[in-house]
1. Collect the residues in region 178-200 that are of a type outside the set (S, T, N, Q) and either within 27 Å of E100 (Cβ to Cβ) or touching a Ser or Thr at 6+ places or on another chain (Cβ under 9 Å) (or both), keeping them in residue-number order.
2. Considering only region 45-57, I want to know if a residue exists there that is surrounded by 16 or more Cβ atoms within 10 Å (Cβ to Cβ), under 30 Å from L201 (Cβ atoms) and at pLDDT 95 or above.
3. Determine whether R219 is modelled with pLDDT under 80, over 30 Å from A56 (Cα atoms) and in contact with a Gly (Cβ under 6 Å, 6 or more places away or on another chain).
4. Would you mind finding the one in V108, V75, V79 that is assigned to a helix (DSSP H, G or I), crowded, with 18+ Cβ neighbours inside 10 Å and modelled with pLDDT under 95?
5. Conditions: (1) closer than 30 Å to A236 by Cβ; (2) modelled with pLDDT under 85; (3) of a type in the set (D, E, K, R). K167 meets all but one. Number of the miss?
6. Given the conditions (1) modelled with pLDDT of 80 or more; (2) in a loop (DSSP other than H, G, I, E, B), which single one is not true for R196?
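The values are calculated or read from the model by the stated rules, or taken from the named source; none is laboratory data. Computed from a predicted structure; not experimentally measured. Using ideal geometry, Cβ is built from the backbone for each residue, glycine included, and neighbour counts are taken over all protein chains shown.
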Amino acid sequence: MEENLQRGRKLRPVDLARAHGLSTQAVRNYEEAGVLPPAARGGNGYRAYTARHALALAAFLALVPGHGHATATAVMRAVNREAVDEAFRLIDLSHAQLAEDRRTLEAVERALRDLAPPPGAETGTGTDKGGGADTAPEAGGRAGGAGGRFIGSLARELGVRPATLRKWEAAGLVRPPRDPLTGYRRYDAAAVRDARLAHQLRRGGYLLEQIAPLAEQVRAAGGLEPLEAALGSWRARLSARGRALLAGAAELEAYLREPVK
C-alpha cells in the first residue's frame, strides 16, 4: 500500500477502501459528500484517486472520533472548497465544547464532595413515605430546617422549570418532603443537594434512568463510592476525546500540507 501512495501514483477506490477497512461504495459516498476532493476520471470513466485523496480520507476518519461525523464532514467540506478559516472555526467549537464538558465534570465532582459528611458525622438515609422529612445529613451536619424552599425558588436557581423538578422527583432523583399542613413541597437541604447533583449529572449527559440508581445508592450507602466509577469513566471519555482531537489535527495538517494539483 505504501508503494501505491507514492506521489503521482493513481489509486483505485478499492485501494483507499482496503487501507481503512471500508467498502468501495463508502469511498465513493465520501467523495460525493465533499469529504474527499473530486477525483479525476480516466478515459474509461473510472475514478483515479491520488495520495492527496488518501490523506483526505485519513484526515476525515481521524477527525470523527473527536468531533463526531457531522462536524468532521463539515470540516473536510470547508477545507476542500478552500474555506480553511471556516474549518478552523468548527474545530475551535469542538475544543470549546470539550473544555465546557471538563468544567461540568469538575462541577459535578464539587457537588459530590459537598455530599460527603464531615469526619465523625453520623450517616443516614432520607425517608419520604407519604411526605415524611428527609433525615439525610447535610455537609457540615446542618439540617435543612422546618421551612425549606419552594419549588419555584429552587427551579430559578438551577435555571430549570418547576416541571423539570417534578419530573426528577417522579424518576426518584429528588425526594422533597411535604409540608404536613399544606402538602406543598418543601425542599430541605438534602433535597436541594440532590437536585443540584441531578442537575449537574444531566449537564454531563447522564439520562434520568442512569442517575436514579446512582442517587439511590448514594442515599442508601451514605457515601459517594457508587459514583466514583461513573466519574472515572466520564473522565476517561473526556481524555479520549482530547487525544482524538489531537490525532485528528495531526492528520488534517498532513492533508493541508499536501499541494493541490
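1. Listed by number, the residues that qualify are Y187, A190, V192, R193, D194, A195, R196, L197, A198, H199.
2. The answer is no, given that none of the residues of region 45-57 is surrounded by 16 or more Cβ atoms within 10 Å (Cβ to Cβ), under 30 Å from L201 (Cβ atoms) and at pLDDT 95 or above.
3. yes
4. When all the criteria are applied, what remains is V108.
5. The one condition K167 does not meet is (2).
6. Single failed check for R196: (2).
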